[in-house]
Amino acid sequence: MDDVDAVQAQIARNMLTSGDWVTARLDGVVYFEKSPLIYWLIAITYKLFGVHDWAARIPIALSAMGLAWLTASFGNWAFGRKAGFYAGLVMSTCVGLWLFTRILIPDVMLTFTIALAMWAFLRVFDDEEKHPRAWACVLAASLGIGLLLKSLVALVFPVAAGLLFLFFTGRLSSWKEWKRLHPVAGVFIILAITAPWHILAAIRNPPYFAWTLKSLPGHYHGFLWFYFINEQLLRFLNLRYPRDYNTVPRAWFWLFHLIWLFPWSVYLPAVARLSFKPIDRAGRTRLLALCWTGFILIFFTFSTTQEYYSMPCYPALALLLGSAMAEGGAWIRRGTRALSVISGMAFLAAVAILIAVRHVPRPGDISAALSSHPQVYSLSMGHMEDLTLNSFAYLRAPLAIAACASLVGALGTMRAKAASGFLAAALMMIVFFQGARRALIRFDPLLSSRDMAALIARSGPGRIIVDHHYYTFSSIAFYTGQPELLLNGRWNNFEYGSNAPGVPDVFIDDSKLRALWPGPERFYLVAKADQLPRFEKLLGSGHFQIMNTSGGKILLANSSSPQP
């Protein structure tokens, strides 16, 4: 897909082809925004299976499966086999995990490392543990790997949760308890994992020290300043430049977890009836899960946040839910009845929409039936506001599958006993995810530029020009494998790198485009469809060919292209 999806995949390819596994680059421009481990893992899969879009997704898929297994194993150790199974069921079939692993972001990997660190932390302090020192090493290694996935939050979240746990259990001031963690050895393990890349990245991308807290256009202060000051501190304070992000309103950030944890969020009231007294392994795990979840949610309450930023607390909530589901009780029964009602209402709504759009025509692709709300597109779920009733005419098959899933959930949870109701809910989600997957395919012209890239490949050699923002058409570079010229592209994530020493000559403005376009060299120009009047004025309407219009994007060529 366009945006961050193809960006991550393309950076990994650039590392593999260039041999530079230290400095991430896009179109030859340095890109310091993210930690490198996800690029390295994707590049390794390319090495094994070739450069394919499906190969780029293997690390994310394996991490999601690993996270479900880890959560189940953690729950089994803490609460017993039944609760562990339910915790794994919650983790593997909740909406949030499925939704936020459709794109190549490292958050599911980060969540795995944090969950492993939390489990290792508890095992270090468990009096029945036979190998506490080994688990202390696992804890340190998890923190180190997390730092290479998403920088300082990978350290801040588990450390803060651990400190809160030690405080509430009266161990915070005890050096005897701290010695169990083997802190000196732990620091060396973390440094052994993280220091080499940070040092090399700093050496290769000077200046080394810049202490300013001002993030301004046209300024370049090297790797260390951007990666730690701009990306960590100034982003937290909402002072980062460029401000290429938005933030979810605080109330919605909290309430959205009812969706991200669905269908299991109906059992959240039962969690309040659990015991959090740290008198046994189960109580200590629940207390740690509470500290873990609470710190992450409060942290992002006071920071800029996206919907998926709280994913690292999903395993903690899954553990609490699994424990509550295993214990049963009145609130679990009420939750199951509520789920039956919600599923039934979803079934009726899906059927009503199917009836309403049964005769609605479907010209072109789904983008023709969508509205536009660009003011919310910086949110990961912003495009959901674009849906209209007529757009569901393009989604009849996915909607029918969703209706079947809702019916399975409604009937399966109606007067069901606990275990059978849980299994019915899980089955409902498995069926629903198949419908959601098919819906994403229908959105492909809008979410991806793959078809345009294929048309360029079939239409003969030529230079590719991308208008304004690389992210909007990032899959063009991935599928064509060609470098691009960026028209007015010193924007958002490219703004900082465009000011770096030795930046390649890939940025052009309108006057440069006007000079290049009439020449003998073939050019392909990719832009948003609503920019066509601008190019008619800039280049002259008779001086380009419209090769394709799809998904709100347009492909122009500067001379007649052979028909593919």
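What number of residues in region 123-144 are of a type outside the set (Asp, Glu) and part of a loop (DSSP other than H, G, I, E, B)?
The number of residues fulfilling the criteria is 3.
May I ask you to list the residues in region 510-528 that are more than 32 Å from the chain's Cα centre (by Cα) and surrounded by 11 or more Cβ atoms within 10 Å (Cβ to Cβ)?
ASP510, LYS512, LEU513, ARG514, LEU516, TRP517, PRO518, GLU521, ARG522, PHE523
Take the conditions at pLDDT below 95, at negative phi and either in the same structural domain as MET65 (by TED's automatic domain parsing) or touching a helix residue (DSSP H, G or I) at 6+ places or on another chain (Cβ under 9 Å) (or both) and apply them to ARG81. Does it pass?
No.
Between a first residue in region 315-329 that is under 17 Å from ALA117 (Cα atoms) and a second residue that is of a type in the set (Phe, Trp, Tyr) and modelled with pLDDT of 95 or more, which pairs have beta carbons less than 6 Å apart while being 6 or more apart in sequence or on different chains?
Once the first residue is under 17 Å from ALA117 (Cα atoms) and sits in region 315-329, its partners that are of a type in the set (Phe, Trp, Tyr) and modelled with pLDDT of 95 or more give ALA316/TRP292.
Would you be able to tell me the number of residues in region 429-449 that are touching a Leu at 6+ places or on another chain (Cβ under 8 Å) and farther than 19 Å from ILE259 by Cβ?
Of the residues in region 429-449, 3 are touching a Leu at 6+ places or on another chain (Cβ under 8 Å) and farther than 19 Å from ILE259 by Cβ.
Would you pick out the residues in region 346-378 that are surrounded by fewer than 19 Cβ atoms within 10 Å (Cβ to Cβ), in contact (Cβ under 8 Å) with a residue 12 or more places away in the chain, not in a loop (DSSP other than H, G, I, E, B) and not small (Gly, Ala, Ser)?
VAL351, ILE353, LEU354, VAL376
If you take the residues in region 33-52 that are more than 27 Å from VAL138 (Cβ to Cβ) and at pLDDT 95 or above, which one is surrounded by the fewest Cβ atoms within 10 Å (Cβ to Cβ)?
GLY50
Of a type in the set (Gly, Ala, Ser) and touching a helix residue (DSSP H, G or I) at 6+ places or on another chain (Cβ under 8 Å), is that true of GLY50?
Taking the combined requirement at face value, the residue does not satisfy it.
State whether one or more residues within region 325-338 are within 28 Å of the chain's Cα centre (by Cα), part of a helix (DSSP H, G or I) and surrounded by 19 or more Cβ atoms within 10 Å (Cβ to Cβ).
Within region 325-338, not a single residue is within 28 Å of the chain's Cα centre (by Cα), part of a helix (DSSP H, G or I) and surrounded by 19 or more Cβ atoms within 10 Å (Cβ to Cβ).
Among the residues of region 85-98, is there at least one that is surrounded by fewer than 24 Cβ atoms within 10 Å (Cβ to Cβ), among the aromatic types (Phe, Trp, Tyr) and not in a loop (DSSP other than H, G, I, E, B)?
yes
Yes or no: region 290-312 includes at least one residue that is within 17 Å of ALA68 (Cβ to Cβ), without any contact (Cβ under 8 Å) to a residue 24 or more places away in the chain and under 23 Å from the mean Cα position of the chain (by Cα).
No, the conditions are met nowhere in region 290-312.
From the list GLY170, GLY162, GLY218, exactly one residue is in a loop (DSSP other than H, G, I, E, B) and in contact (Cβ under 8 Å) with a residue 24 or more places away in the chain. Which is it?
Just a single option satisfies the conditions, and that option is GLY218.
The values are calculated or read from the model by the stated rules, or taken from the named source; none is laboratory data. Computed from a predicted structure; not experimentally measured. Note: ideal-geometry Cβ built from the backbone for every residue, glycine included; neighbour counts use all protein chains shown.
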